[in-house]
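> There's a structure below that I have some questions on.
The values are calculated or read from the model by the stated rules, or taken from the named source; none is laboratory data. What you are looking at is a predicted structure, and each value in this text was computed from that prediction instead of being measured. FYI the Cβ positions are ideal-geometry reconstructions off the backbone, even for glycines, and counts take in every protein chain you see.
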Amino acid sequence: MLQLHKKLLTWYDSRTREMPWRDHPDPYAVWISEIMLQQTQVETVKGFFLRFMKAFPTVQALAKAPQQDVLKAWEGLGYYTRARNLQKAAQQVMEQGGVLPSSSSEWAELPGIGPYTAAAISSISFGEYAPVVDGNVARVFARILEWRDDFQKLPAREKLASWLQPFIEKSKRPGDFNQAMMDLGATVCTPRNPKCIICPLRKGCAASAKGLQEELPFKPLRKTIPFRFVVAVEIHDQTGLVLFAQRVHEKLLGGLWELPSLDFGKGESPEDALQKLLASLGFPTAEPTYIGEVEHTFSHFKQVTNLYRLNKSIARPKVKETPTMLFKKPSELPLTTVTRRALAL
């Protein structure tokens, strides 16, 4: 383990790095990529990163953009709070003079930026010797060191960061050191079926030697995920536009658009909930067609949406349009993932 930094950097230098944000001199681009990579795989991020950077090439452009445009560019990437916080942080930067921070402590003061994201940006863009401890890095070293700490908690992450500090300083290449650790966890030391045979650190890995790869890192017992049941209705006007409702900004998926919908609980049938929904929209006697179910798992619950569609013989739905309820083409609004999947049915 005394040569940890050398082994990591030698491995990292031997790899072909196809990610469009790597070796990028612009701290803004690094910032955008690191936020996108939170809870999202690299292959998924690539296309979104290029699209987002084209739409908002500078912090000034992001700060000034309408929020709906930002959410539309983020559409499909999930965890939309990240997009809203990105724009809030950009606006804060502009209010403070328009210069991006250079230290991890300054980055951590911006909305949506935690310790590991701040360390990643400052080390990659400004050469700060701040080790990153994200999920990938925690998994690598929980196995190497046979630590059974709960890395979902801050004390365990801080403990590992302290252990890594002398190695990142010896590396003289803090950005590459951090990226090497993150890449190793993402591509080799994976959650399941890690590729130990090609790991540059396998000779010093306690989990590999003892066959503990699947046991580490420690996984606390997960709570049972509750279900949420919803009815949604797809209504077209005579030109083919679809009726959408905007979600409340302060709640989950705030600012995004979805088909008109209504939650229902135990003791209530989808049909009863549907009639309530239709009555609220001005169609108390309508008989829509059942299309199917859409299941989607959020971080803390699973949603089952029962989708219905009004018969297209209804020529002109008399729905009172408001700023948060209007007919639009689906391509013109930032839609929730459930809505995009429902429309695909």
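> For the range 14-37, indicate whether the set of residues that are closer than 21 Å to HIS249 by Cβ and either at pLDDT 95 or above or assigned by TED's automatic domain parsing to the domain that holds ARG202 (or both) is non-empty.
The first filter runs over the range 14-37 and keeps only residues closer than 21 Å to HIS249 by Cβ, leaving 35.
Keeping just the survivors that are either at pLDDT 95 or above or assigned by TED's automatic domain parsing to the domain that holds ARG202 (or both) gives 35.
Scanning the range 14-37 turns up at least one residue that is closer than 21 Å to HIS249 by Cβ and either at pLDDT 95 or above or assigned by TED's automatic domain parsing to the domain that holds ARG202 (or both).
> Counting only residues that are part of a loop (DSSP other than H, G, I, E, B) and surrounded by 15 or more Cβ atoms within 10 Å (Cβ to Cβ), which one in the range 58-75 is modelled with the highest pLDDT?
Here the residue is ALA65.
> Only one of THR40, THR44 is on the phi < 0 side of the Ramachandran plot, at pLDDT 80 or above, in the same structural domain as MET94 (by TED's automatic domain parsing) and in a loop (DSSP other than H, G, I, E, B); which?
Working: THR44 fails: in a loop (DSSP other than H, G, I, E, B).
Exactly one residue qualifies, and that residue is THR40.
Rundown of residues vs (1) more than 30 Å from LYS72 (Cα to Cα); (2) not small (Gly, Ala, Ser), yes/no style:
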site	(1), (2)
ILE225	no, yes
VAL242	no, yes
ARG247	no, yes
GLU268	yes, yes
GLU271	yes, yes
ALA279	yes, no
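> Go over the candidates ALA118, ALA89 one by one and state the one that is closer than 24 Å to ALA65 by Cβ and crowded, with 24+ Cβ neighbours inside 10 Å.
Values: ALA89 fails: crowded, with 24+ Cβ neighbours inside 10 Å.
One residue alone meets the criteria, ALA118.
> Being outside any helix (DSSP H, G or I), of a type in the set (Gly, Ala, Ser) and within 21 Å of ASP237 (Cα to Cα) is the requirement here; does ALA286 meet it? Lay out the reasoning, then the answer.
Working: outside any helix (DSSP H, G or I): yes; of a type in the set (Gly, Ala, Ser): yes; within 21 Å of ASP237 (Cα to Cα): yes.
Answer is yes for this residue.
Per-residue answers, yes or no, for (1) over 26 Å from the mean Cα position of the chain (by Cα); (2) charged (D, E, K, R); (3) more than 30 Å from SER331 (Cα to Cα):
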site	(1), (2), (3)
LEU154	no, no, yes
ARG157	no, yes, yes
SER162	yes, no, yes
ALA180	no, no, yes
ASP183	no, yes, yes
ALA186	no, no, yes
LEU253	no, no, no
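For every residue, the table says whether it meets (1) among the hydroxyl-bearing types (Ser, Thr, Tyr); (2) closer than 16 Å to LEU201 by Cα.
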| residue | (1), (2) |
| --- | --- |
| ALA119 | no, no |
| ILE124 | no, no |
| TYR129 | yes, no |
| ASP134 | no, no |
| VAL140 | no, yes |
| LEU145 | no, yes |
| PRO155 | no, no |
| GLU158 | no, no |
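> On the given criteria, is LEU100 in a loop (DSSP other than H, G, I, E, B), touching a residue at least 40 places away in the same chain (Cβ under 8 Å) and not small (Gly, Ala, Ser)?
Numbers: in a loop (DSSP other than H, G, I, E, B): yes; touching a residue at least 40 places away in the same chain (Cβ under 8 Å): yes; not small (Gly, Ala, Ser): yes.
It is true that LEU100 is in a loop (DSSP other than H, G, I, E, B), touching a residue at least 40 places away in the same chain (Cβ under 8 Å) and not small (Gly, Ala, Ser).
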